[in-house]
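Scroll down for the structure; my scribbles are underneath it.
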Amino acid sequence: MSDTLIKIKNLSKVYHVKEKAFYAKRALHALTDIDISIKRGETLGLVGESGCGKSTLGRCILRLEEPDCGSVFYDGEDILALNDEAMRRKRRQMQIIFQDPASSLNPYMKVRDLIGEGYKIHGIFKGKDEIEENVKELMAKCGLKEDMLSRKPHEFSGGQRQRISIARALAVKPSFIVCDEPVSALDVSVQAQIINLLVDLQEEFELTYLFISHDLKLVEQISDRVAVMYLGRIMELKSADKIGEEPVHPYTRALLASTLDTAANGKDDAAKEDIVLEGDIPSPIDPPKGCVFHTRCFMKKDKCTREIPSLKEVRKGHYAACHFI
């Protein structure tokens, strides 16, 4: 059995959006030539600013969005080549926890039905009593009480709703879960509880996670490796416990500089560099030529405006897309 569970090659996704003035459609480049793999049993953190394509990548891996080109291999099988019925069977192995549980849970369904629905769809348990017994067991593992079975989502707090979402994802016994900013909509006090729950469940059920967030500090805490994304491209990929060590991509250095307590973690204090990104992230409708980060990069040179840097290995297990690292 290979150590690699997910392997993504040359994955690109383009949306065609209308411009109000002329009703013409223009290409929005959400993902461009993504090459990345996720090891079996690890948590790969995916971090970057809003709009950089993180959630799109997660959805393309699950085929909730169809990529325009490239391949997604799940356990050696290219799932983009599967027909609808084969993909429906494969989907049992891959689940997602959405950012906002309030909008991702059907408000008219009771907890027993929200969690038990996957059992019925995939025929895991057939008898009503058997389904309910397993729903109760799963609820207990996710910190939910049995007396919540007949209640609906609006009767719960944000943290409880997210626990329901986690239980729903686990019901079909997946191997891989995309965690799409699962704590960003929650209070800080609740975030740690959900993160600890995800870590415990990963160990118990031998899960593999893609953990998406805009918070580098949070991603660093939960992940084994971290991929830094900018404007639809992977800028850097390295071990999470070495994310603050040089050399790092200038964009990663800027993200580290914005993390106020980097020094408190006993790591190389990138904040001392006082790196501030100028301007806003460019539009993916009209991305910059050459390196997509050069318009905001404090290290840019003429070469950056002309040539796209490849994601190359600069140290063992450490990759960066920069001409000058």
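The values are calculated or read from the model by the stated rules, or taken from the named source; none is laboratory data. In this text, all values refer to a predicted model and were calculated from it rather than measured experimentally. When we count neighbours, we look across all protein chains shown, and the Cβ atoms used for this are built from the backbone with ideal geometry, even at glycine.
Report yes if some residue within segment 134-145 is touching a Pro at 6+ places or on another chain (Cβ under 6 Å), assigned to a loop (DSSP other than H, G, I, E, B) and farther than 29 Å from GLY45 by Cα; otherwise report no. No: zero hits. Scanning segment 85-124 for residues that are free of Cβ contacts under 8 Å to residues at least 24 places away in the same chain and in contact with a Leu (Cβ under 7 Å, 6 or more places away or on another chain) gives a single hit, LYS90.
For LEU82, are the conditions met, namely being without any contact (Cβ under 8 Å) to a residue 60 or more places away in the chain and within 28 Å of LEU186 (Cα to Cα)? Considered against the rule, which asks whether it is without any contact (Cβ under 8 Å) to a residue 60 or more places away in the chain and within 28 Å of LEU186 (Cα to Cα), LEU82 comes out as no. Within segment 296-307, which residues are farther than 11 Å from CYS322 by Cβ and of a type in the set (A, V, I, L, M, F, W, C)? Selection gives PHE298 alone. Take GLN202 and decide whether it is closer than 21 Å to GLN162 by Cβ and at pLDDT below 95. The answer is no for GLN202. Looking only at residues of segment 243-257 that are over 13 Å from ARG296 (Cβ atoms) and part of a loop (DSSP other than H, G, I, E, B), we find that the one that is modelled with the lowest pLDDT is PRO247. Here the condition is being outside any loop (DSSP other than H, G, I, E, B), surrounded by fewer than 21 Cβ atoms within 10 Å (Cβ to Cβ) and in contact (Cβ under 8 Å) with a residue 24 or more places away in the chain; of LEU44, LEU28, it holds for LEU28 alone. Pairs meeting the criteria (first residue in segment 146-159 and within 15 Å of GLU117 (Cβ to Cβ), second residue in a helix (DSSP H, G or I) and basic (Lys, Arg), beta carbons under 7 Å, at least 6 apart or on different chains) are LEU149/ARG112; PRO153/ARG161.
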